[in-house]
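Undergrad: Below you will find the structure I want to go over with you.
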Amino acid sequence: MDFAYDARTEELRQRLLAFMDDHVYPSETVADEQRARLASPWDTPAVVDELKAEARRRGLWNLFLPDAEYGAGLTNLQYAPLAEITGRSPQLAPTALNCAAPDTGNMEVLAQFGDERQKKQWLEPLLAGEIRSAFAMTEPEVASSDATNITTRIEREGDEYVITGRKWYISGAMNPDCRIFIVMGKTDPDGADIRRQQSMVLVPRDTPGVTVKRAMRVFGYGDHYHGGHAEVTFDGARVPVSGLIGEEGGGFAIAQARLGPGRIHHCMRLIGMAERAIELMCRRAVSRTAFGKALAQQGVVHNWIADARVTVEQLRLLVLKTAWLMDTVGNKGAHTEIQAIKIATPRAVVDIIDRAIQLHGAGGVSQDLPLAELYAGARTLMIADGPDEVHQRSLARRELKRYA
Ligand SMILES: Cc1cc2nc3c(=O)[nH]c(=O)nc-3n(C[C@H](O)[C@H](O)[C@H](O)COP(=O)(O)OP(=O)(O)OC[C@H]3O[C@@H](n4cnc5c(N)ncnc54)[C@H](O)[C@@H]3O)c2cc1C
């Protein structure tokens, strides 16, 4: 067993670390200042476009896509340590590298299941970072962690599909650059196989009947850098049948395929978020004095830092093992491990960020440090892309099967 990164990964890591130091971290406050002066808070600050151009120039572009025809052709194991680094600045770095959700998952779907025309029209501009996209599955009225509950209708009328339904928490949709939605709905709501009732269609944002209603908040945050999370309604929106991705009834399977890589990417970035929290915690501990002693001299602080370090090392090993399994036996073969990291990582990272907030006192919950926003982001990942309990249920059932 070799724990070292291979030469290509190490070379890209060094290039990415330099990009983070030279451009990303210094841009964090600049981006916030620029955003405050924008006509709409959902527009993109100019510095983000400058970061994208610079990342592309440095060959740090589309690293997430294992398909060498369209992306960097890295394995999951090679991409994992790079995604981790971008997680240290989750508002800017993933977007700068064109490696931000939900575009990554949508590009994977189009690369894997799209036809040539769909690839030309939507995948190419997404790969070039010219447009953004959203994935619309969750509905406020039904428990959407069970995708068979989805009620949105996709009805065929001649050469068109008519889409009717209400979605929410649709990430990225507030950004005016988000030009295309991948919508999951039911083409055959009465079909005998509840996993073949769903289909996915491409719905351009400017389709009549599509309304981006409002921005949902996350612990009060707008998540502007992610393009927000919108409530979107589809009132008889009509798209040509050529907008169908894959086949009718294939939506559930595509959703499953989409979520595997998405989950590991989130976990990789979460580890980077934890590393940033540990760094901030240590810097604060050595520089702040209370009751005549540096905080770094308090035993309780030693425990927090040691526990955080041990946890991060454990999580990273499990995430890397999962990445390796996805590369060697496929996403299906890595099912248990993908669920394990999706259960283990967000909650552990929430805990680490929580300690870092505590050590910073009021500053920890302020807008002057990234900790409060990191906390909110990590906490939501105990719900988004499948709540913990759903993964626990499925993992435990598989474990129990061996003894039944
Ligand atoms: C920040 C953020 C971004 C998101 N982005 C998107 C997006 O881009 N596109 C999109 O379509 N959706 C998105 N979502 C929605 C997300 O995927 C859903 O919230 C998630 O799948 C859960 O669905 P739900 O909210 O309907 O919760 P429900 O399905 O109603 O579940 C609620 C709770 O019930 C419990 N529960 C459910 N099933 C079980 C079980 N079997 N056993 C025990 N307990 C159970 C869990 O505790 C769960 O949290 C996003 C959510 C957030 C918070």
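Undergrad: Which of Ser40, Ser133, Ser199 ends up with the largest GNM mean-square fluctuation for the chain, with Cα atoms connected below 10 Å?
TA: With Cα springs under 10 Å in the chain, the top fluctuation among Ser40, Ser133, Ser199 is at Ser40.
Undergrad: What is the angle, in °, between the Cα long axis of helix 7-19 and the longest principal axis of the Cα atoms in the chain? Nearest 10 is fine, range 0 to 90.
TA: So the inclination is approximately 80 degrees.
Undergrad: Let me ask something else about it. Per-residue accessible area for Thr345 at 1.4 Å probe radius, Å² rounded to 10?
TA: Solvent-accessible area, nearest 10 Å²: 0 Å².
Undergrad: Then there's this: Of the residues Gly299, Gly272, Gly191, which exhibits the maximal mean-square fluctuation in a Gaussian network model of the chain defined by a 10 Å Cα contact cut-off?
TA: Comparing Gly299, Gly272, Gly191 in the GNM, the peak value goes to Gly299.
Undergrad: Report, to two decimal places, the Cα Rg of the chain normalised by 2.2 N^0.38 Å (N = number of residues). Let's see the in-between values first.
TA: Working: Rg = 21.4 Å, N = 404, 2.2 N^0.38 = 21.5 Å.
Here the answer is 1.00, to two decimals.
Undergrad: Sticking with this structure for a sec: Please go through segment 2-92 and write out the chymotrypsin sites (Phe, Trp or Tyr not before Pro) that DSSP classes as loop and that have at most 14 other C-beta atoms within 10 Å.
TA: Values: sites: Phe3, Tyr5, Phe19, Trp42, Trp61, Phe64, Tyr70, Tyr79; in loops: Phe3, Tyr5, Trp42, Trp61, Phe64, Tyr70.
Sparse-neighbourhood loop chymotrypsin sites (Phe, Trp or Tyr not before Pro): Phe3.
Undergrad: On the principal axes of its Cα set, how long, how wide and how thick is segment 132-245? Give whole Å, largest value first.
TA: Each principal axis gives a Cα extent; for segment 132-245 these are 41, 28, 20 Å.
Undergrad: Okay, next question. Near Ala255, within a Cβ-to-Cβ distance under 13 Å, what is the net charge of the other residues, with Lys and Arg +1 and Asp and Glu -1?
TA: Working: positive: Lys186, Arg195, Arg196, Arg258, Arg263; negative: Glu108, Asp146, Asp385.
Cβ neighbours under 13 Å give a net charge of +2.
Undergrad: I've got another one for you. Need one value: the accessible area of Thr95 in square angstrom, 1.4 angstrom probe, rounded to the nearest 10.
TA: 10 Å²
Undergrad: Now, a different point. Compute the angle between helix 371-380 and the longest alpha-carbon principal axis of the chain, please, reported from 0 to 90 degrees and rounded to the nearest 10.
TA: 40 degrees
Undergrad: Given a 1.4 angstrom probe, I'd like the percentage of the accessible area of segment 132-245 that is carbon and sulfur, rounded to a whole number.
TA: Here it works out to 47 percent.
Undergrad: Does segment 7-114 come out rounded, prolate or oblate by the C-alpha gyration tensor, with a ≥ b ≥ c the root eigenvalues, rounded set by a/c under 1.5 and, if not, prolate when a/b is larger than b/c and oblate if not?
TA: On the way: a/c = 2.40, a/b = 1.38, b/c = 1.73.
Since a/c reaches 1.5 but b/c is at least a/b, the shape of segment 7-114 is classed as oblate.
Undergrad: Check each of the chymotrypsin sites (Phe, Trp or Tyr not before Pro) in segment 211-316 and keep only those in coil by DSSP with at most 14 other C-beta atoms within 10 angstrom; list them in order. If you can, show how the numbers build up before the last one.
TA: Values: sites: Phe219, Tyr221, Tyr225, Phe234, Phe252, Phe291, Trp304; in loops: Phe219, Phe291.
Passing both the DSSP loop test and the Cβ count: Phe219, Phe291.
Undergrad: Next up: Mind checking the per residue accessible area of segment 132-245 for me, 1.4 Å probe, whole number of Å²? Each step should come with its number before you reach the end.
TA: Details: 4740 Å² over 114 residues.
With all protein chains present, segment 132-245 gives 42 Å² per residue.
Undergrad: Would you mind classifying segment 201-285 by shape? Square roots of the alpha carbon gyration tensor eigenvalues, ordered a ≥ b ≥ c; an a/c under 1.5 is rounded, otherwise it is prolate if a/b is larger than b/c and oblate if not.
TA: Oblate, because a/c is 1.5 or more while a/b does not exceed b/c.
Undergrad: Out of segment 2-80, which trypsin sites (Lys or Arg not before Pro) are coil in DSSP terms and have no more than 14 other C-beta atoms within 10 Å? Working shown, then result.
TA: On the way: sites: Arg8, Arg13, Arg15, Arg35, Arg37, Lys52, Arg56, Arg57, Arg58; in loops: Arg37, Arg58.
Within segment 2-80, the qualifying trypsin sites (Lys or Arg not before Pro) (loop, at most 14 other Cβ atoms within 10 Å) are Arg37.
Undergrad: Next question, about the same structure. What is segment 252-401's relative contact order, in percent, from Cα pairs under 8 angstrom and six or more apart in sequence?
TA: On the way: 139 pairs, mean separation 42.9, N = 150.
That works out to 29 percent.
Undergrad: Choose one answer from Glu275, Glu11, Glu231: the residue with the largest mean-square fluctuation in a GNM of the chain with alpha-carbon springs under 10 Å.
TA: With Cα springs under 10 Å in the chain, the top fluctuation among Glu275, Glu11, Glu231 is at Glu11.
Undergrad: While we're on this one: What is the percent carbon and sulfur in the accessible area of segment 252-401, measuring with a 1.4 Å probe over the protein chains and ignoring ligands? Before the final figure, lay out the partial values.
TA: Working: 3970 of 7080 Å².
Carbon-and-sulfur percentage of accessible area, whole number: 56.
The values are calculated or read from the model by the stated rules, or taken from the named source; none is laboratory data. No experiment lies behind these values; they were computed from the predicted model shown. Positions of Cβ are generated from backbone atoms using ideal geometry, with glycine treated the same way; all protein chains shown enter the neighbour counts. Just the protein is used for accessible areas: all its heavy atoms, side chains included, with ligands, DNA and RNA removed. Shrake-Rupley method; radii C 1.70, N 1.55, O 1.52, S 1.80 Å.
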